[in-house]
Amino acid sequence: MEKFIKLESFCVPLNMENIDTDQIIPARFLKAINKDSFGKNLFRDWRYNKNNEPKADFVLNDSTYNGNILLVGRNFGCGSSREHAAWAIKDYGFKVVISSFFADIFKNNALNNGLLPLQVSDNFLSLIFDKVYNNPKTLIRVDLANSKIEIIETGEFENFEINEYKKTCLISGYDDIDYLLSIKNEISEFEKIGSSSL
Amino acid sequence: MINKSKTLFDKIWKKHIVKKIEGGPEVLYIDKHFIHEVTSPQAFEGLSQRGINVFRTSNTIATADHNVPTINQHLPIKDKLSKIQVETLRENCSKFGVELFDLEHKYQGIVHIIGPELGITKPGMTIVCGDSHTATHGAFGSIAFGIGTSEVEMVLASQCLMQNKPKQMRLNINGTLNKYVTAKDIILYIISEISSSGATGHFIEYSGSTIDNLSMDERMTICNMSIEMGARGGMIAPDETTYSYMTERVFAPKGDDFEKAKQNWTKLFSDSDAKFDKEYHFNAADIKPMITFGTNPGMGININKTIPYFENQKTEKNENSYNKALNYMGFKQGESLIGKKINYIFVGSCTNGRLADLRIFSEIVKGRKKAENIIAYIVPGSKKVEQQAKEEGIEDILNKAGFELRQPGCSACLAMNDDKVPQGEYCVSTSNRNFEGRQGEGSKTILASPLIAAVTAITGEIVDLDIFFISRSRPSV
Ligand code: SF4
């Protein structure tokens, strides 16, 4: 897994709540058998019309906004467990998604792919939205080691919560499978005692 | 004194902890892992790249469901990419030694339908699958939840997952249900009350007299949609209804083994003073037949009520999103949906694709005729459901009323195969998600019970159920 430590970037704002994974990557694009190139279909039906022409009013088609941070409303990533959603966001070039609330499975999927789901308070989220809509060149600094997110220009910041274990994984680029494979003997021992009542 | 009382969830969770990482997650052992063609290929690829095998093939069961055609399953799959995906599943299962219920296998079907009906799903288990509706299996008193593909790879590689223990919520529903109210209405009602994110971070236990009186098929419909409130999963303590469902299932223990297992299962309940992080109480009498009007399952109303104005509803917080949803659906605040013309019906999915659902549907369409304008996808959840529907004469009833019973698969629930709802068309659907484009690009989904789907299929529009059943009584034969 790719390591994540620090990032300074502009944001791409998408001020919608309850964005589900069917919007992030529609089911008809889930037929691939590898993880590559989902980025081109990220937000496909919001991004392109029926004739595959870009919709001018969708933020990914608006050159005013760019950067490695996707800024979204609460309950982001709800619905289907498809990890393709995290792959699509990552493949498009985002490294961080900022919201005030993430759906559980999406959050895990993102973390398992080195994409940081960064949860801030509702207030701080609307503050960032305001700043970015006012000035698309608003720089945001994400400092994972110190769990700190800052609007560089004004110095306004918030400390965000992240599971310490997951933080270490992200910073070192280490994933759960590496760990689980290293304790296979313990798992086999556990099985002998009998895991369940069955 | 320390409170030693445990919830049903606590009891099962504790039994499955291999070890706890200091200051981090716990290593949770998984008893049963279901896989399917869409979310597994990249996980198997990961195993190949690492040069490792499936750790416990006997804990793993595969089926082809998400992407398969629902007619002519004996012919090669026409869609090139779907075909590759199903073939990749076949290759992976044979290479890694995983049992596969392939197309045309007598046990094939939607992953969450076949686990229970074959007796693979049992009380007290931990169960995962790369699909968010894995919660369905919780109806048997198991901890069952959906996972992403990286996690599928972890379970294949080690039979374990790294998990933080979720919070717990109990939803109590008591009392007798109103006329025309089914399990689907119960769960749509609850989601409309606590919103599509109201249970995020939680595992749900459903209890109360209303739940006790439901059949297993109905309990599965309820647990199935736990994820639509954001919950990791939902569960119901096993009882006599559970045990009698489980007797004589193909893979369930038999005879003395069953009795022995049952002794353990009867310990699976929440202690009377067990604590939950959140608790809600609902009165069955308040629940009316439900439909959705928006683009998430929390946007649901009593079929006879009007669409609430933004300021009068409690689940949607962002006016922008609320308006965008109504705009997408072509509805207005304050409007009634009665009289809306509907051209598509979908009966099926892991929510309502079981025999009980087909029975409700056929009971209503029996002796009536499908409305001219209606195109219906009636899709059994599994080969077994299909076969039983034929044996019971359900297919016959459907055919006489102008419907056709298709072959098992996820079908128009996510429209990865050819069963799609066209751009701009409304579909009254018994599935679980009304997201934009879920049933095909530009499709507009109205979630409802099989009962409402049947009535809509006969009338071609959304109608008041009382009026339908009183004034449109069956033509006498
Ligand atoms: S029927 Fe729908 S929700 Fe159920 S497993 Fe298939 S795609 Fe998922």
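The values are calculated or read from the model by the stated rules, or taken from the named source; none is laboratory data. Note that this is a predicted model, so its numbers are computed, not measured. Glycine gets a Cβ as well: all are built from the backbone with ideal geometry, and neighbour counts include every protein chain shown. We work out accessible area using only protein heavy atoms, side chains counted, and drop any ligands, DNA or RNA first. Shrake-Rupley method; radii C 1.70, N 1.55, O 1.52, S 1.80 Å.
Quick notes on this one:
- Pair list, Cβ < 8 Å and 6+ apart or interchain, from region B:430-453 residues that are facing chain A (nearest Cβ under 9 Å) and among the acidic types (Asp, Glu) to residues that are open to solvent by less than 10 Å² (accessible area, probe 1.4 Å) and within 12 Å of the ligand (Cβ to nearest atom): B:Glu436/A:Asp22
Let's see how each residue does on (1) away from the ligand (no atom under 12 Å from the Cβ); (2) open to solvent by less than 20 Å² (accessible area, probe 1.4 Å):
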| residue | (1), (2) |
| --- | --- |
| B:Gly381 | no, yes |
| B:Glu392 | yes, no |
| B:Glu395 | yes, no |
| B:Ala401 | yes, yes |
| B:Pro408 | no, yes |
| B:Glu425 | yes, no |
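- Which listed residue is under 30 Å from B:Met162 (Cα atoms), of a type in the set (S, T, N, Q), touching a Phe, Trp or Tyr at 6+ places or on another chain (Cβ under 7 Å) and surrounded by fewer than 19 Cβ atoms within 10 Å (Cβ to Cβ), from A:Ser172, A:Ser188, A:Ser147: A:Ser147
Residue-by-condition table, conditions (1) more than 29 Å from B:Asn318 (Cβ to Cβ); (2) assigned to a helix (DSSP H, G or I); (3) more than 11 Å from chain B (Cβ to nearest Cβ):
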residue: A:Phe124; (1), (2), (3): no, yes, yes
residue: A:Lys131; (1), (2), (3): no, yes, yes
residue: A:Thr138; (1), (2), (3): no, no, yes
residue: A:Ala145; (1), (2), (3): yes, no, yes
residue: A:Thr154; (1), (2), (3): no, no, yes
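- Residue tally, condition more than 16 Å from B:Val155 (Cα to Cα) and without any contact (Cβ under 8 Å) to a residue 12 or more places away in the chain, over region B:11-48: 4
- Taking the listed residues B:Thr70, B:Thr57, the one that is more than 10 Å from chain A (Cβ to nearest Cβ), hydroxyl-bearing (Ser, Thr, Tyr) and away from the ligand (no atom under 16 Å from the Cβ) is B:Thr57, with no other qualifying.
- A:Ser100 being within 14 Å of another protein chain (Cβ to nearest Cβ) and out of contact with any strand residue (DSSP E or B) (no Cβ under 6 Å at 6 or more places or on another chain): yes
- When region B:13-43 is limited to residues that are assigned to a loop (DSSP other than H, G, I, E, B) and more than 17 Å from B:Ser132 (Cβ to Cβ), the one that is farthest from the other protein chains (Cβ to nearest Cβ) turns out to be B:Glu22.
Listed here are the residues, each with its yes/no results for (1) open to solvent by 40 Å² or more (accessible area, probe 1.4 Å); (2) in the same structural domain as B:Ala274 (by TED's automatic domain parsing); (3) modelled with pLDDT of 95 or more.
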| position | (1), (2), (3) |
| --- | --- |
| B:Thr200 | no, yes, no |
| B:Ile211 | no, yes, yes |
| B:Met225 | no, yes, yes |
| B:Met235 | no, yes, yes |
| B:Glu240 | yes, yes, yes |
| B:Met246 | no, yes, yes |
| B:Pro253 | no, yes, yes |
| B:Phe258 | no, yes, yes |
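- Every condition in (1) facing another protein chain (nearest Cβ under 9 Å); (2) touching a residue at least 12 places away in the same chain (Cβ under 8 Å) is met by A:Ile33 except one, and the failing one is (2).
- Residue check for B:Gly46: farther than 30 Å from B:Lys420 by Cβ, part of a loop (DSSP other than H, G, I, E, B) and assigned by TED's automatic domain parsing to the domain that holds B:Val111: no
- Taking the criterion of being touching a His at 6+ places or on another chain (Cβ under 6 Å), more than 10 Å from every other protein chain (Cβ to nearest Cβ) and part of a helix (DSSP H, G or I), the only residue of region B:131-167 that qualifies is B:Thr136.
- Residue in region B:345-353 that is within 14 Å of the ligand (Cβ to nearest atom), assigned to a loop (DSSP other than H, G, I, E, B) and either on the phi > 0 side of the Ramachandran plot or open to solvent by 10 Å² or more (accessible area, probe 1.4 Å) (or both) present: yes
- Residue list for region B:358-377, restricted to those being in contact with a Ser or Thr (Cβ under 9 Å, 6 or more places away or on another chain), buried (at least 16 other Cβ atoms within 10 Å of the Cβ) and not in a helix (DSSP H, G or I): B:Ala371, B:Ile374, B:Tyr377
- A:Phe124 farther than 30 Å from B:Asn164 by Cα and modelled with pLDDT of 95 or more: no
- Qualifying positions in region A:157-169 - more than 7 Å from chain B (Cβ to nearest Cβ) and open to solvent by 60 Å² or more (accessible area, probe 1.4 Å): A:Phe157, A:Asn159, A:Glu161, A:Thr168
- The listed residue being open to solvent by less than 10 Å² (accessible area, probe 1.4 Å), in contact with a Lys or Arg (Cβ under 6 Å, 6 or more places away or on another chain) and within 14 Å of the ligand (Cβ to nearest atom), out of B:Gly130, B:Gly146, B:Gly115, B:Gly109: B:Gly109
- Restricting region A:62-101 to residues that are assigned to a helix (DSSP H, G or I) and out of contact with any helix residue (DSSP H, G or I) (no Cβ under 6 Å at 6 or more places or on another chain), the residue that is farthest from the ligand (Cβ to nearest atom) is A:Lys90.
- Leading residue by the ranking (surrounded by the fewest Cβ atoms within 10 Å (Cβ to Cβ)) among those in region A:25-54 that are within 16 Å of the ligand (Cβ to nearest atom) and aliphatic (A, V, I, L, M): A:Leu30
- Among the residues of this structure, B:Asp185 does not count as one that is surrounded by fewer than 24 Cβ atoms within 10 Å (Cβ to Cβ), in a helix (DSSP H, G or I) and of a type outside the set (A, V, I, L, M).
- Residue match in region B:61-71 (condition: open to solvent by 60 Å² or more (accessible area, probe 1.4 Å) and of a type outside the set (D, E, K, R)): yes
- Residue satisfying condition, being in contact with a Gly (Cβ under 7 Å, 6 or more places away or on another chain) and open to solvent by 30 Å² or more (accessible area, probe 1.4 Å), within set A:Asp91, A:Asp122: A:Asp91
- From the list A:Asn108, A:Asn113, the lone residue that is within 13 Å of chain B (Cβ to nearest Cβ), in contact (Cβ under 8 Å) with a residue 60 or more places away in the chain and under 15 Å from the mean Cα position of the chain (by Cα) is A:Asn113.
- B:Ser82 meets each of the listed conditions (1) within 14 Å of chain A (Cβ to nearest Cβ); (2) buried (at least 24 other Cβ atoms within 10 Å of the Cβ); (3) within 16 Å of the ligand (Cβ to nearest atom) apart from (2).
- Of everything listed in (1) open to solvent by less than 10 Å² (accessible area, probe 1.4 Å); (2) touching a Gly at 6+ places or on another chain (Cβ under 8 Å); (3) within 23 Å of B:Asn318 (Cα to Cα), the single unmet condition for A:Asn109 is (3).
- Neighbours by Cβ (under 6 Å, 6+ apart or cross-chain): first from region A:62-80, more than 7 Å from every other protein chain (Cβ to nearest Cβ) and aliphatic (A, V, I, L, M); second open to solvent by 10 Å² or more (accessible area, probe 1.4 Å) and more than 16 Å from the ligand (Cβ to nearest atom): A:Val72/A:Leu14
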